[in-house]
Amino acid sequence: MIPDWKIVQDYLEILEFPELKGIIFMQTACQAVQHQRGRRQYNKLRNLLKDARHDCVLFANEFQQSCYLPRERGESMEKWQSRSIYSAAVWYYHHCQDRMPIVMVTEDEETIQQYGSDTEGVFVVSFKDYLDNFWPDLKAAHELCESILQSRRERENESQESHGKEYAEHLPLEVLEAGIKSGRYIQGILNVNKHRAQTEAFVRLQGASSKDSDLISDILIHGMKARNRSIHGDVVVVELLPKNEWKGRTTALGESDSDDKASGEAPSEPMPTGRVVGILQKNWRDYVVTFPSKEEVQSQGKNAQKILVTPWDYRIPKIRISTQQAEALQDFRVVVRIDSWESTSMYPNGHFVRVLGRIGDLEGEIATILVENSISVAPFSEAQMCEMPVNTPENPWKVSSEEERERKDLRRTHLVFSIDPRGCEDVDDALSVRALDNGSLELGVHIADVTHFVAPHSYIDIEARTRATTYYLADRRYDMLPSILSADVCSLLGGVDRYAVSVMWELDKTSYEIKKVWYGRTIIQSAYKLFYEAAQELLDGNVHVVDDIPEFRDLDEKSRQAKLDELVWAIGKLTDIARHVRAKRDRCGALELEGVEVRVQLDEKKNIHDLIPKQPLEVHETVAECMILANHWVARKIWESFPHQALLRRHPPPHQEFFSELRECAKAKGFFIDTRSNKTLADSLDNANDPNDPIVNKLLRSMATQAMSNALYFSTGSYAEEEFHHYGLALDKYTHFTSPIRRYSDIIVHRLLMAAISKDKKMESKENLFSNKDLEELCRHINNRNRAAQRSQKQSTELFQCMYFKDKDPETEERCISDGVIYSIRTNGVLVFIPRFGIKGAAYLKNKDGLVISCGPDSHCEWKPGSLQRFQDKITSTTTGGESVRFCLFDHVTVRVSVQASRCHSDTIRLEIIRNEPYVVPDAGLCQQGSLLLKSDLVKEVTRSVEEAQLAQEVTVDVIEEDRQKYCQTKGRSLYTLLEEIRDLALLDVSNSYRI
Amino acid sequence: MAGLELLSDQGYRVDGRRAGELRKIQARMGVFAQADGSAYIEQGNTKALAVVYGPHEIRGSRARALPDRALVNCQYSSATFSTGERKRRPHGDRKSCEMGLQLRQTFEAAILTQLHPRSQIDIYVQVLQADGGTYAACVNAATLAVLDAGIPMRDFVCACSAGFVDGTALADLSHVEEAAGGPQLALALLPASGQIALLEMDARLHEDHLEQVLEAAARAARDVHTLLDRVVRQHVKEASILLGD
């Protein structure tokens, strides 16, 4: 099939369908796309061509001697393009020796007529005919085609009607570029404020422009007019307004539906304000939207075919959709795409793509979160699974003899064991330690050898690269690699032979100084698959846990004791080494930031919330320290071998101004936080400990974490060596090496390490490594995906929290009332953290009717008329009666949790202060139990209720089935039902005519 | 911003060439009768004319004469109509002077100047149409002209430009590719010995890539040599027929 240039421009989305294969793109068509549709669409086309799964090729017809046609005098560009493409199609047909029929698809009627019957075997048809004839079953494609056609028609109509302009036109590209160079305009990425999407947006400066200008802060874009059709995430060009028009950001807690501008609050300091004059790069993606309910449709009125839908993401404006299915789609979450945004229209135009699921349904909402974060989780295809090794009981996977020769065999020489959370399936890492004959110690970190099974550029590799990471949602996970690898052949399970990549250090017996390091591929057999708690017990000398370890169960007493001693020695030695390694890092003037590490650790354990630390065991630290050591040494190795194309991870030092809130908060409690370097920060955080209230320290740490920038992957060729530094871990070079099962970056690092080893051996490297530029692009992709993974994890947790509280009546249910800590003060409310559920949220001190909160003598809160006054670290609410109540930072209050349902967006948690005293827990044991358990309970409970609902449905089906058996009715349509239906019809008809 | 794709994924350049491919080269020797040697060359759309006088006695001040070798005098000019924007003056501007100096350096290295002490060799080059790689075209034209004049040289001097885009070295850049602003390297080579007569680059290029670009330019220069050699042989054959052997 050969698409015409116009088809490629307008229907590229349909051509992207994986079912459509064997498309020949002509160079003429591609260039037309490049010139007329800009870079974004052209890149899409390029990706399509690159994707091996699509079987698409580009034919450079203009460079082919017999296909090139010069443009004739007076011939229009379009005509010439069609002619070129057709002649190339004919050539292609003859080139295949007339054996393969070629279909050229075009929208131009004239072309169909002119060439339709010119050459036998080359068919010229319109796109609609093509879909009808060749893909009658591909319903999605048909629907998409319809909606594209319709939105195009609309657009044409619209351009004919001359509306008043809603927005200023964008400036041409040359003007923008010149403006940016001269410093008149500023380039940046548009960030819409989630809570005040209508009015506030900020532009984060980007690139060189921020260096020359003295602006440090972001630029405020106030109102939709000034935003000028740009959407969250776009790269925009901004012109600064004169100083007297500058505005301040609002610090009040806005409720999305109420207009809080009217209340006349004093906004904070004016900040640079600007307006958008042009968009350099549109960052449109698929959006999840909700159609308006019936009543709303009626009020929208006149044009029933154009419907304004509300995106799930607050930051995206409403989108205008042309569809006839609006009513049918009312209760569903739907994916749409934006097509255009003319200066004459208030809202962007879009088209409908597909349905996700019902509103409020767990699966539908999860799908929404996935689409909003651009995560695609289709099951692995057959072609991908074909590349996988087999491991079934009949045909068990075995170590091949070739590999046995190539690899270092540690199965008999080393005691290898893994320590992971209980019930973990994908064991990436295992540890070993032993004494050498020369008196030194040998520490080994063994990582699953994923790259042995995932060849570069294989289907599975491409898939893993697109996924980039395993996604952990609150109740499920989406693996980066198929489970045969992640949970079986690659997982370093106990008692089986596995391939590994190992890093082994020779350490001095007493000083633990690193003497030698060895990297390489190995074969290992993990002797024990321990979990953290058991390892900690062993370390503490409690031997009774032995019964929990399956490996020990079937042993007789004597060998058991011997093996146990061996293991306990190894764990003890390991902990000792880890302590020393850590102490050494501390001595080097760097102290680890506890907050960051807790986060990392928790991530590794797949916990849901970063703020809820599990009982911190020393074993956690030991394992983490070994991993950090391995990562660090691998980073050094690959950087030495490939100074310009190694993938490392850096953590840039934070901006000092972000710490101001932290410093103020700490001051309220009388602590001083020194943020000048990571060491001073960690020290002062350690000191900022309120003996009466452990949560204060936790909150301060989480604030510090938030103020810091994120750690990022990067390619060493793109940065100077000083910038490699990892601020949080205080290491000069760091990378991710230890979890190749669930991170693609680690796979790259593994390949780099292997190439580095073979380079050392002067062997020709088999694997072609990424160049700096490709690697940089890949890093950007992985960073993006990681951010999406974090976001989706957070959103899914929130979803579960809401579903948990949704069915509970906040007035009566005991569980909805909890203790909260104030951690930030705003003009009309406070931000509250609830340690028990790990929820952070806003509580208003002034409600919609303008009433403020006041507390009676029994400290119960009521709404009364009055006013609020905000100070640096406290807020006072004074009623007209003269009573006043004060809320300070880190005050404990009792809050009631309820859910604010929302049709178009995700539900939100609402907090209401009901008493200005700490909540007294009736059952103290509940609090002690720790919130983490509760968290997983929460997930479980929601999942169960969903399952029950499904079960209930199934039950009704069963009932019908029973009836059927009872009365011996035929299963299909019986004559009786048929007759009944006819009778119904008849009745209807009669009644209808009767009414008329 | 709407960056032109200089090298497509399929490995084609804007004008359909592959990365290492030269533009079409056509050349003729002995185009003027009154000069001692002359040649005309077309490299794609770049066209250059070269004329050589000498060796003859030093013109002007005798003080310039060198006791042990000949003085090579080069002058470069480009026609006012040769570029997209019309030029104000054909020669004497900074760029022309620099080009003249470069040509002089190149040919001082190639011509056996010590055979003609106290004499002068004039090389005049004019570019009629500039579509990238003017230096290379000038050197190639001048080589043919010097050969036509029968002045003894060590070897042909063959020149070619090369650039670097997306990790690939491109040989013989056209104007569009030069204008894109990437690094550009001009190389004049004595192909038989592989010695470099002149190497010039005025943009930043990572050290790691230099070898690759240099290699591409050298290979292109050898290709040019094959072509020029063919032109010379053809010319000699025609001339000998005219002389009536």
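The values are calculated or read from the model by the stated rules, or taken from the named source; none is laboratory data. Everything numeric here is computed off the predicted structure, so don't read it as measured data. With ideal geometry, Cβ positions are generated from the backbone for all residues, glycine too; neighbour counts draw on all protein chains shown. Each accessible area value is taken on the protein alone, full model and side chains, heavy atoms only, with ligands, DNA and RNA left out. Shrake-Rupley method; radii C 1.70, N 1.55, O 1.52, S 1.80 Å.
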Residues (within 11 Å of chain B (Cβ to nearest Cβ) and among the polar types (S, T, N, Q)) located in segment A:1-32 = A:Q27, A:Q31
Yes/no for A:D118 being more than 14 Å from chain B (Cβ to nearest Cβ), on the phi > 0 side of the Ramachandran plot, at pLDDT below 80 and open to solvent by 70 Å² or more (accessible area, probe 1.4 Å) = no
ask   = Restricting attention to segment B:104-113, does a residue exist that is outside any helix (DSSP H, G or I) and either surrounded by 13 or more Cβ atoms within 10 Å (Cβ to Cβ) or within 21 Å of the chain's Cα centre (by Cα) (or both)?
value = yes
From A:A720, A:A635, A:A646, residue being at pLDDT 80 or above and surrounded by fewer than 15 Cβ atoms within 10 Å (Cβ to Cβ) = A:A720
query = Any idea how many residues of segment A:873-906 are aromatic (F, W, Y) and under 30 Å from A:V309 (Cα atoms)?
reply = 0
request  = Kindly establish whether B:E21 is within 14 Å of another protein chain (Cβ to nearest Cβ) and under 24 Å from A:V33 (Cβ atoms).
outcome  = no
Considering residues of segment B:29-41 that are out of contact with any Asp or Glu (no Cβ under 9 Å at 6 or more places or on another chain) and in contact (Cβ under 8 Å) with a residue 60 or more places away in the chain only, the residue farthest from the other protein chains (Cβ to nearest Cβ) = B:Y40
query = Limited to segment A:121-167, what total is found for residues that are exposed (fewer than 11 other Cβ atoms within 10 Å of the Cβ) and either among the aliphatic types (A, V, I, L, M) or modelled with pLDDT of 80 or more (or both)?
reply = 0
message = With the requirement that a residue be in a strand (DSSP E or B) and touching a Ser or Thr at 6+ places or on another chain (Cβ under 9 Å), what does segment A:52-70 give you?
response = A:L58
query = Considering only strands (runs of 3 or more DSSP E) fully contained in segment B:1-63, which possess at least 2 residues that are of a type in the set (S, T, Y)?
reply = B:37-43, B:46-57
key: Residue count for segment A:443-498, restricted to those that are among the aromatic types (F, W, Y) and in a helix (DSSP H, G or I)   = 1
task = Please find, among B:G37, B:G44, B:G20, the residue that is open to solvent by 20 Å² or more (accessible area, probe 1.4 Å), of a type in the set (G, A, S) and in contact with a Gly (Cβ under 8 Å, 6 or more places away or on another chain).
result = B:G44
key: Tally, over segment A:16-32, of residues that are in contact with a His (Cβ under 9 Å, 6 or more places away or on another chain) and part of a helix (DSSP H, G or I)   = 0
When residues of segment A:93-112 are limited to those that are in contact (Cβ under 8 Å) with a residue 24 or more places away in the chain and either more than 18 Å from A:P3 (Cα to Cα) or touching a Phe, Trp or Tyr at 6+ places or on another chain (Cβ under 9 Å) (or both), the one surrounded by the most Cβ atoms within 10 Å (Cβ to Cβ) = A:M104
ask   = Looking at segment A:33-51, is at least one residue away from every other protein chain (no Cβ under 14 Å) and in a loop (DSSP other than H, G, I, E, B)?
value = no
request  = Give B:D148, B:D172 a once-over and let me know the one that is within 23 Å of B:A239 (Cβ to Cβ), out of contact with any Phe, Trp or Tyr (no Cβ under 7 Å at 6 or more places or on another chain) and not β-branched (V, I, T).
outcome  = B:D148
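The rows are residues; the columns are (1) without any contact (Cβ under 8 Å) to a residue 12 or more places away in the chain; (2) surrounded by 23 or more Cβ atoms within 10 Å (Cβ to Cβ); (3) over 18 Å from the mean Cα position of the chain (by Cα).
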site: A:R412; (1), (2), (3): yes, no, yes
site: A:S418; (1), (2), (3): no, yes, yes
site: A:S440; (1), (2), (3): no, no, yes
site: A:H446; (1), (2), (3): no, yes, yes
site: A:V450; (1), (2), (3): no, yes, yes
site: A:A455; (1), (2), (3): no, no, yes
site: A:R477; (1), (2), (3): no, no, no
site: A:M480; (1), (2), (3): no, yes, no
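Residues checked against (1) within 14 Å of chain B (Cβ to nearest Cβ); (2) farther than 26 Å from A:F871 by Cα; (3) open to solvent by 30 Å² or more (accessible area, probe 1.4 Å):
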position: A:E661; (1), (2), (3): no, no, yes
position: A:A666; (1), (2), (3): no, no, no
position: A:D674; (1), (2), (3): no, no, no
position: A:N689; (1), (2), (3): no, no, yes
position: A:F714; (1), (2), (3): no, yes, no
position: A:L731; (1), (2), (3): no, yes, no
request  = Take A:I307 and decide whether it is touching a residue at least 12 places away in the same chain (Cβ under 8 Å), assigned to a strand (DSSP E or B), open to solvent by less than 30 Å² (accessible area, probe 1.4 Å) and in contact with a His (Cβ under 8 Å, 6 or more places away or on another chain).
outcome  = no
request  = Within segment A:695-749, count every residue that is assigned to a helix (DSSP H, G or I) and either farther than 26 Å from A:T451 by Cβ or touching a strand residue (DSSP E or B) at 6+ places or on another chain (Cβ under 7 Å) (or both).
outcome  = 22
key: Matching entry among A:K698, A:K679, A:K759 (being open to solvent by 20 Å² or more (accessible area, probe 1.4 Å), modelled with pLDDT under 85 and over 25 Å from A:D586 (Cβ atoms))   = A:K759
query = Counting residues that are at pLDDT 60 or above and polar (S, T, N, Q), which strands (runs of 3 or more DSSP E) fully inside segment A:866-960 reach at least 2?
reply = A:874-879, A:892-900
key: Filtered residues of segment A:58-72 (kept if farther than 17 Å from B:R13 by Cα and either within 13 Å of chain B (Cβ to nearest Cβ) or open to solvent by less than 30 Å² (accessible area, probe 1.4 Å) (or both))   = A:C67
query = Which helices (runs of 4 or more DSSP H) sit wholly inside segment B:127-245 and have at least 2 residues that are touching a Ser or Thr at 6+ places or on another chain (Cβ under 6 Å), away from chain A (no Cβ under 14 Å) and open to solvent by less than 50 Å² (accessible area, probe 1.4 Å)?
reply = B:134-149
request  = May I ask you to list pairs of residues, at least six apart or on different chains, whose Cβ atoms are under 6 Å apart, with the first in segment A:677-694 being part of a helix (DSSP H, G or I) and the second being not charged (D, E, K, R)?
outcome  = A:N678/A:Y727; A:N678/A:A730; A:K679/A:L591; A:L681/A:T675; A:A682/A:L591; A:A682/A:L593; A:S684/A:I673
query = Identify, please: which residue in segment B:61-72 is in contact with a helix residue (DSSP H, G or I) (Cβ under 9 Å, 6 or more places away or on another chain) and surrounded by fewer than 20 Cβ atoms within 10 Å (Cβ to Cβ) and is, among those, farthest from B:L128 (Cα to Cα)?
reply = B:D68
